[in-house]
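Below you'll find the structure, written out as structure tokens, and then a few comments.
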Amino acid sequence: MEHNGNGRTSVTEFQKLWGRRTNLMNRFYGDPKVELLMDTRIGQYMSSHPLLALTVLLFGVMAALPVGLFLSFAFVTIVMTAVGFVFFEVFLLCVGGLTLLSLLPGIAIFSVMVSLVFNAFYVTIFKVVSRYYKRLTKVMCILKREI
């Protein structure tokens, strides 16, 4: 407290501050949530042990920052893991798609070559059969027309 030569002024200022503190505490204790807390055994114990209540309050305030930082780190880690998983899945789908796109032309070329070979065999066998077995060829032509 400042002593400005007039002791009465200091006492009056202190009384005003004390009145503001009392008013603030009454509003604080009048809050329904605080009333619920103060009705519990923990609230009553903390009310009767103000030093312990101050220690718990300071611990809670000081622990909020590290806990908040840890939770934000955990959240960022989860988000990055999910994003990384999505990118990895997209990468795997691209690799699979490119593999498929490189295999399909090979399968198409193989199919055309096999088809050409079978057609060549068919034409060759049909010509050989028609040359040596003319009667069998006429029957086959008649059967084709009927179908």
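The values are calculated or read from the model by the stated rules, or taken from the named source; none is laboratory data. Quantities reported herein were computed from a predicted structural model and do not represent experimental measurements. Here the Cβ positions follow ideal geometry from the backbone for every residue, glycine too, while neighbour counts run over all protein chains shown. The area values use the complete protein model at the heavy-atom level, side chains included, leaving out ligands, DNA and RNA. Shrake-Rupley method; radii C 1.70, N 1.55, O 1.52, S 1.80 Å.
Which angle between 0 and 90 degrees, to the nearest 10, do you get for helix 50-132 versus the longest principal axis of the chain when only C-alpha atoms count?
The two axes meet at around 0 degrees.
For the chain, what percent of Cα pairs sit more than 26 Å apart?
Working: 7791 of 10731 pairs.
The proportion of pairs with Cα distances above 26 Å equals 73 percent.
Taking the Cβ-Cβ separation of residue 65 and residue 39 as r and a Förster radius of 41 Å, what is the calculated FRET efficiency to the nearest 0.05? Show your work: numbers first, answer last.
On the way: r = 30 Å, r/R0 = 0.74.
Computed FRET efficiency for residue 65 and residue 39: 0.85.
When the accessible area of the chain is computed with all protein chains present and a 1.4 Å probe, what percentage of it is carbon and sulfur?
Numbers: 10100 of 13580 Å².
Carbon and sulfur atoms account for 74 percent of the accessible area of the chain.
Using alpha carbon centroids, what distance separates the range 7-44 and the range 63-97, in Å?
What the calculation gives is 47 Å, centre to centre.
Hey, got the dipole for the range 4-128? About the Cα centre, +1 on K and R Cβ, -1 on D and E Cβ, debye to the nearest 20? Don't skip to the end; give the middle numbers.
Working: 8 positive and 5 negative charges, 81 e Å.
Charge dipole of the range 4-128: 380 debye, to the nearest 20.
Using a Gaussian network for the chain with springs between C-alpha atoms less than 10 Å apart, which of these wobbles most: 96, 60, 19?
Evaluated over the chain, the most mobile residue of the options is 19.
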